[in-house]
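Report on the following structure.
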């Protein structure tokens, strides 16, 4: 099935979603950052969390029985500095780093691959230097090669170079793709889907909880598939191929959804 509109009309949720929200025991919000909470920019450094959205998240974290997690490809240090929010959980580096108020977890394969990734950053930066517009982002436990600002005719060269260098590390590293970016990460079966399952398991979630995941990129599809038929999954910007159950137009619509969650009274028995 293709994603359905989350809103019947602006400001009015699909009745099935509103019903689950009202009858919930707890609200568990899993939110991507770039392209979901914050509009996409030409480089990651330019992305900003809108003031209104930041205020909504702060208010949500203060609500009883409400948990908010930011699920992002950014490093833990980067997303923490970029948002400066307290009371939120951070699922960073596509799930290879997870931090809550009381605990920080790093995937063992990420620790093992970190030295190779440091070498890859240097190799890619040097090899791709002649290609204008390339940005090699070092995230310690993964790295990103952004080509949003590269001339289309030069993109195949960027992808070929990344794949060639990664092959030199045998079975230690692997690549995945997102919007105008290729990711280099530990070659292990782990992604945002596995990471949010870990988070929800720690929270001992149940069908009585309202769980929602919002994202906009290919990397979010792993989470959409993992939570299929068990959570309200929402892709930002319609894509008929997405595994998400619903879609919204842009980050402003995401803020509208968060506002409804904030002001909708839970009628379920609280645990």
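None of the figures in this text is laboratory data; all of them are computed from the coordinates on show. Remember, it's a predicted structure, so these values are computed and weren't measured experimentally. Don't worry about glycine lacking a Cβ; one is built from the backbone with ideal geometry, like all the others, and counts go over all protein chains shown.
Brief remarks follow.
- Rounded Å value of the spacing that divides the Cα centres of region 15-63 and region 99-174: 28 Å
- When restricted to Cα atoms, region 48-160 yields an Rg and a Dmax of 17.2, 53 Å, respectively.
- Shape descriptor for region 110-186: Rg over Rh equals 0.94 (Cα atoms; Rh from the Kirkwood inverse mean 1/r).
- Counting DSSP beta bridges with both ends in the chain, the antiparallel % (nearest 5): 50 percent
- Axis of helix 155-167 versus longest Cα principal axis of the chain: the two differ by about 80°, to the nearest ten degrees.
- Take every DSSP beta bridge whose two residues both sit in region 25-151; close to 55 percent of them are antiparallel.
- Taking the inverse of the mean 1/r over every pair of distinct Cα atoms in region 17-108 gives a Kirkwood hydrodynamic radius of 14.0 Å.
- Share of alpha-carbon pairs per 10 Å distance bin for region 7-46, given as whole %: 22, 33, 29, 15, 0
- Here is how the number arises for the chain: DSSP H runs of 4 or more residues each give -39500 (n - 2.57), the sum is divided by the residue count, and the result at 222 nm is -10000 deg cm²/dmol.
- Kirkwood hydrodynamic radius of the chain, from inverse mean 1/r over distinct Cα pairs, in Å: 19.2 Å
- Calculated FRET value between residue 163 and residue 203, using beta carbons and R₀ = 41 Å, to 0.05: 0.60
- Multiplying the residue separation of residue 131 and residue 59 by 0.36 nm and subtracting their alpha-carbon distance yields 21.5 nm.
- Its alpha carbons give region 167-271 an Rg and a Dmax of 16.3, 56 Å.
- Between residue 194 and residue 51, the simple spin-label model (points 7 angstrom out along Cα→Cβ) gives 4.2 nm.
- Angle in degrees between helix 192-202 and the longest Cα principal axis of the chain, rounded to the nearest 10: 50 degrees
- Helix 51-61 and the long axis of the chain differ in direction by around 60°, with both axes built from C-alpha atoms.
- Cβ-Cβ FRET estimate between residue 15 and residue 267, R0 fixed at 22 Å, reported to 0.05: 0.90
- Every Cα-Cα pair of region 222-271 was included, and the share exceeding 13 Å stands at 64 percent.
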